[in-house]
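Worksheet for the structure shown next.
The values are calculated or read from the model by the stated rules, or taken from the named source; none is laboratory data. Nothing here was measured: the structure is a model prediction, and the numbers come from that model. Positions of Cβ are generated from backbone atoms using ideal geometry, with glycine treated the same way; all protein chains shown enter the neighbour counts.
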Amino acid sequence: MPLLAAARLDFSIVRESLPELGSGALWTLEVTATGIVGMLLVGIVGAAMRTSNSAPARGFATAFAEFFRNTPPLVHIFFAYFALPVVGIKLPAFVAGTLALVFYQGAIAIEILRAGIEAVPKGQFEAASALGLSGFEQFRSIVMPQAFRISLPALGNNLISLLKNTSLISAIGAIEITGVANDIIAIRLTSAELYLTVGAFYLCSVFILSGILRSTEARLARYGT
Amino acid sequence: MAMVAMSHVRKAFGSNEVLKDISLTVDPDEVCCIIGPSGSGKSTVLRCINRLVSIDGGEVIVDGLSVTDPKVKDVDLRRRVGMVFQQFNLFPHMTALQNVTLAPRKVRGLAGAQAEETAMRLLAKVGLREKAQEYPAQLSGGQQQRVAIARALAMEPKVMLFDEATSALDPEITGEVLAVMRDLAAEHTTMIIVTHEMGFAREVGTHLVFMDGGVIVEEGAPRAIFENPQAERTKAFLSKVL
Amino acid sequence: MSPAYFSALRDVIVHGLPVTVEVSFASMLIAVAGGLILGVVRALRNPALDAIVIAYVEVLRGIPLLVLMFFVFFGLPQLGFHFPEIPSAIIALGLWGAANATEIVRGAIFSIASGQSEAGSALGLGWLQVMTSIVLPQALRRMIPPFMSLFVAIVESSSLAALIGVRDLLEIVRIKVENDATLWLPLLISILFIYFLINYPISLLSQRLEKRLA
């Protein structure tokens, strides 16, 4: 039965579409790269607020993080692209999609980094305070670097999740590889080969990304945190 | 003027009264050793001096500054007070040198080169000049603690606090840290040392304080107290540890 | 809030919510069942079986759920397998969920100290008896918080079914705004809150349970 199924696959369509698929792949990587920067920014600032002494800052960051990570990213994407124009904010699809993903994955990053900060030994805070370092300086030089290292595995998973979620922005017409594949399918009407190819692209990307993350973890572990 | 003057200090954590009524004066150049059973509040006394812990009642004057005065900033106190912890608390993601130069650069505002020069001098003083580029994970416990001492000294404090600095070290290694502390004492550094090392307290200390249950039970010259303790509790404690 | 909004919201909840719930629950069942079976298979430590399970898990966690869903709904008919929208969504979500569940089960089983199974074996119990009487009862407790997080993830991911035409919360919103684009704002905010009201309590409970079990 599986052999019969494979016989109905014709990968020439993939060969013909390689240029478009290639450009779609580049777009996916671009959105991912932008998303990573945004997600880390949101995560670090949010985690700082989440663990600060100011109750309003803590409250806001907690509400933000809990709301965004408990609601579907696809709905955020639709909101950014279709709902914001109703109040006059018209964002291009690429921007709307990336922004929505930054907020969603960023909210997850806030929780990850918060756990990382709480895992930093209390003695570190004591030593930094005893030396007279200000709260901001403590956060920047002592706490965040260690929290980051502790959080690296979970942040890595979040990153991979971001890469895969870029496929969602195809729903609002932003260009990335899944959307490109769907456009081709709309014309050529056969889809299995293209989805398999797109799937293979993501698999390879995830594999490479995982490898990079694991070697980074190993390199940082040498200095023993 | 006393370097550290504590009068009727009280501190409770929740319902637990850790310090009941502590009055202690430490003069410049003194090596004040605080001994006593666990839970007697010794570590809390140290932490009241640099405001790592805020007191509930009484007063602490450090080099003329009052810890209860809201106008006195944390950093003003902490620039004058250096602290060495039982668990060393070195910053694991920084080299020994970076650990020592961090506070001089960020708090005292020294330029990088100047901070490095001071740091290398201090690392040499504690016998670890060659280890400047190593990370804490690559150093033994005794070496880490010596770096921690250099790190505290880099701020040029008026008084050095030691919170059971050798308790977490293997017995063979405590010697190298005690030797550094002995040198500091010989250089007339004002030191307040919480310790279980009775031999050190007896030979290097100039002022011995025995604490139990949140109060100072007995204080005076180390030799006098070790040889002729007055209070019953002091006698009981010393007979157990000596 | 306009009357149009209220009538649209009523339709969204009455027609969309049951579908979202149905897809989520069905997928969760498949995910848990699949995860338990595959997780236990990995506990067998058979190299050949391990390789198959690992391959399955890595592939399903390495591709976007959306691509999988498209493949099941649009691609499989080309190979002779025709599944309607809702079954397609449940199959894709279930397969994806099972891959994640396998890791949860495996983690929980392996976190029970090997001393436990050694003790069981020493008492003369067979492998299956050790697994069912000693390891699994303890492991099951540890699986609960991560399984709750998985359910939250499945509820969120169920919204992807709208993109293959399943009439869930999101899709009904899409249909309702065809005549009035301004309804996007209030309707999306409303379903965001519905999703939040479903997921947040589960998240909180999961966090609390995790702390108690630690």
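Picking from residues in the range B:129-140 that are in contact with a helix residue (DSSP H, G or I) (Cβ under 6 Å, 6 or more places away or on another chain) and assigned to a helix (DSSP H, G or I), the one that is nearest to B:Leu169 (Cα to Cα) is B:Pro136. In the range B:141-152, the qualifying residues are those that are within 13 Å of another protein chain (Cβ to nearest Cβ) and not basic (Lys, Arg), and the one that is surrounded by the most Cβ atoms within 10 Å (Cβ to Cβ) is B:Gln145. Check whether at least one residue in the range C:45-62 is surrounded by 17 or more Cβ atoms within 10 Å (Cβ to Cβ), under 21 Å from C:Tyr195 (Cβ atoms) and within 14 Å of chain A (Cβ to nearest Cβ), and report yes or no. Looking through the range C:45-62, none of the residues is surrounded by 17 or more Cβ atoms within 10 Å (Cβ to Cβ), under 21 Å from C:Tyr195 (Cβ atoms) and within 14 Å of chain A (Cβ to nearest Cβ).
All of (1) facing another protein chain (nearest Cβ under 8 Å); (2) farther than 26 Å from A:Ala33 by Cβ; (3) touching a residue at least 12 places away in the same chain (Cβ under 8 Å); (4) not in a loop (DSSP other than H, G, I, E, B) hold for A:Glu137 with one exception: (3). When B:Gln114, B:Gln133 are screened for being more than 28 Å from A:Ala221 (Cβ to Cβ) and either in contact with a Cys (Cβ under 6 Å, 6 or more places away or on another chain) or of a type in the set (S, T, N, Q) (or both), only B:Gln114 passes. Return a yes/no flag: does the range C:194-208 have any residue that is among the polar types (S, T, N, Q), more than 14 Å from chain A (Cβ to nearest Cβ), farther than 30 Å from A:Ser170 by Cα and assigned to a helix (DSSP H, G or I). Within the range C:194-208, none of the residues are among the polar types (S, T, N, Q), more than 14 Å from chain A (Cβ to nearest Cβ), farther than 30 Å from A:Ser170 by Cα and assigned to a helix (DSSP H, G or I). Inspect the range B:57-76 for any residue being under 17 Å from the mean Cα position of the chain (by Cα) and under 14 Å from A:Ala127 (Cα atoms) and give the result as yes or no. No; the residues of the range B:57-76 include none that is under 17 Å from the mean Cα position of the chain (by Cα) and under 14 Å from A:Ala127 (Cα atoms). Of the helices (runs of 4 or more DSSP H) entirely within the range C:1-64, those holding at least 1 residues that are β-branched (Val, Ile, Thr) occupy C:17-43, C:47-62. All of C:Ile175, C:Ile164, C:Ile154, C:Ile191 fail the test of being out of contact with any helix residue (DSSP H, G or I) (no Cβ under 6 Å at 6 or more places or on another chain), surrounded by 15 or more Cβ atoms within 10 Å (Cβ to Cβ), of a type in the set (Val, Ile, Thr) and under 30 Å from C:Ala8 (Cα atoms), apart from C:Ile175.
Residues in the range B:145-169 that are touching a residue at least 40 places away in the same chain (Cβ under 8 Å), in a helix (DSSP H, G or I) and within 23 Å of B:Met198 (Cα to Cα): how many? Number of matching residues: 3. Residues in the range A:186-206 that are at the interface with another protein chain (Cβ under 7 Å from one of its Cβ atoms) and either in contact with a Gly (Cβ under 8 Å, 6 or more places away or on another chain) or at pLDDT 90 or above (or both): A:Ser191, A:Ala192, A:Tyr195, A:Val198, A:Gly199, A:Tyr202, A:Leu203, A:Val206. Every condition in (1) in a helix (DSSP H, G or I); (2) more than 10 Å from every other protein chain (Cβ to nearest Cβ) holds for A:Ile89 except the one numbered (1). Among the residues of the range A:14-37, not one is in contact with a Ser or Thr (Cβ under 8 Å, 6 or more places away or on another chain), more than 17 Å from A:Thr166 (Cβ to Cβ) and surrounded by fewer than 17 Cβ atoms within 10 Å (Cβ to Cβ). Contact annotation: residue pairs with Cβ atoms under 8 Å, 6 or more positions apart or on different chains, pairing a residue in the range C:1-15 that is farther than 11 Å from C:Thr182 by Cα and in contact (Cβ under 8 Å) with a residue 60 or more places away in the chain with a partner that is assigned to a helix (DSSP H, G or I) and of a type in the set (D, E, K, R), are C:Ala8/C:Lys176; C:Asp11/C:Lys176; C:Val12/C:Lys176.
Among the residues of the range B:200-242, those identified as assigned to a helix (DSSP H, G or I), buried (at least 16 other Cβ atoms within 10 Å of the Cβ), within 19 Å of the chain's Cα centre (by Cα) and not aliphatic (A, V, I, L, M) are B:Phe200, B:Arg202, B:Pro222. Would you check if A:Ser54 is more than 30 Å from A:Ile184 (Cβ to Cβ) and small (Gly, Ala, Ser)? Yes; evaluated as a whole, the condition is true for this residue.
Conditions tested, residue by residue: (1) within 14 Å of C:Val67 (Cα to Cα); (2) part of a helix (DSSP H, G or I); (3) among the β-branched types (Val, Ile, Thr).
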| residue | (1), (2), (3) |
| --- | --- |
| A:Ile175 | no, no, yes |
| A:Val180 | yes, yes, yes |
| A:Asp183 | yes, yes, no |
| A:Leu194 | yes, yes, no |
| A:Thr197 | yes, yes, yes |
| A:Phe201 | yes, yes, no |
| A:Phe207 | no, yes, no |
| A:Ile212 | no, yes, yes |
| A:Ser215 | no, yes, no |
